[in-house]
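A short worksheet on the structure shown next.
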Amino acid sequence: MNCSHRPTQCRNPSFVLTGPTHLAIALATCFFVLFLPGCGKKDEKQADTQALVMNGNFPVAEPALSNAVIRGDVADIQKIIGNGADINTRDALGRTPLHIAAFYGRVKIIELLIASGADVNAKDHTGMTPLHAAAVSGGRPSVQTLLDKQADIGARTEAGQTALHLSAATGQPRLTRLLIERGADPQKKDFDGHTPVYYAKKNYHPQTTATLEQAIAKKPPLPAVQK
């Protein structure tokens with residue numbers, strides 16, 4: 001079996017985004033398509049789930065709080081939190097409401113959830129944190145907000161990718177620059193041994209590739225190992 005984990009762009013022409021349910025399914029698709037399954041029974045289960053999602057048949061059973069976040073309904077979010085809902089409740093893919101708010105770039109909701117106790121570094125079933133979700137969506141303001149709230153810029157998915165790997169894979173030069181400015185390592189390798197530059201080139205993103213290469217050129221070399 002070919003065991004690999006590679007980020008790819010979230011594209012599925014069969015989806016028509018016309019409402020919260022379709023958006024939720026599309027979000028699930030992105031989270032699974034980005035990290036293709038590797039080896040073992042767990043990965044076979046992930047592959048089966050991915051097939052359901054790609055066919056549009058995944059049973060999206062969002063918690064009430066997550067549904068409110070998808071709708072962007074701040075008043076309902078405040079009401080649900082006030083009624084004692086678990087701020088870190090999980091959906092079928094292991095995503096918390098903060099993952100979803102980050103993906104949609106809803107900065108005010110991100111701030112509200114974190115102020116209410118949301119785990120800024122919670123991981124879903126693929127190991128993605130809210131920062132990864134924000135990087136996938138291209139939401140620079142949401143990325144900045146999460147980093148200001150102590151999100152781990154070096155957090156890795158189960159495949160070893162950081163938020164910078166994802167911004168590179170999806171061709172976002174401005175977001176890539178922001179992450180580097182905030183301390184992301186442009187030479188960090190994932191568990192397949194690939195750097196962000198590899199994914200930027202593989203997905204034909206010349207501007208993002210140039211941004212990464214410029215950052216690497218400016219980075220001082222590692223000190224020589226003393227023998």
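Quick check, is Ala118 out of contact with any His (no Cβ under 7 Å at 6 or more places or on another chain), within 20 Å of Arg156 (Cα to Cα) and at pLDDT 95 or above?
Details: out of contact with any His (no Cβ under 7 Å at 6 or more places or on another chain): yes; within 20 Å of Arg156 (Cα to Cα): yes; at pLDDT 95 or above: yes.
Considered against the rule, which asks whether it is out of contact with any His (no Cβ under 7 Å at 6 or more places or on another chain), within 20 Å of Arg156 (Cα to Cα) and at pLDDT 95 or above, Ala118 comes out as yes.
For residues that are of a type in the set (Val, Ile, Thr) and closer than 20 Å to Gln150 by Cα, scanning just the range 163-201, find the one that is surrounded by the most Cβ atoms within 10 Å (Cβ to Cβ).
Filtering the range 163-201 down to residues of a type in the set (Val, Ile, Thr) leaves 170, 176, 180, 195, 197.
Now narrow it down to the ones that are closer than 20 Å to Gln150 by Cα: 176, 180.
On the way: Thr176: 29, Ile180: 22.
Result: Thr176.
Looking only at the range 183-203, which residues are assigned to a loop (DSSP other than H, G, I, E, B) and not charged (D, E, K, R)?
Initial filter on the range 183-203 (assigned to a loop (DSSP other than H, G, I, E, B)): 183-195, 203.
Answer for the range 183-203, where residues must be assigned to a loop (DSSP other than H, G, I, E, B) and not charged (D, E, K, R): Gly183, Ala184, Pro186, Gln187, Phe191, Gly193, His194, Thr195, Asn203.
Being in a helix (DSSP H, G or I) and either charged (D, E, K, R) or closer than 19 Å to Ala122 by Cα (or both) is the filter here, so list the residues in the range 78-91 that pass it.
Lys79, Ile81, listed by residue number.
The values are calculated or read from the model by the stated rules, or taken from the named source; none is laboratory data. This one's a predicted model, so the numbers in the text were calculated from it and none came from an experiment. Positions of Cβ are backbone-derived with ideal geometry, glycine not excepted, and every protein chain shown enters the neighbour counts.
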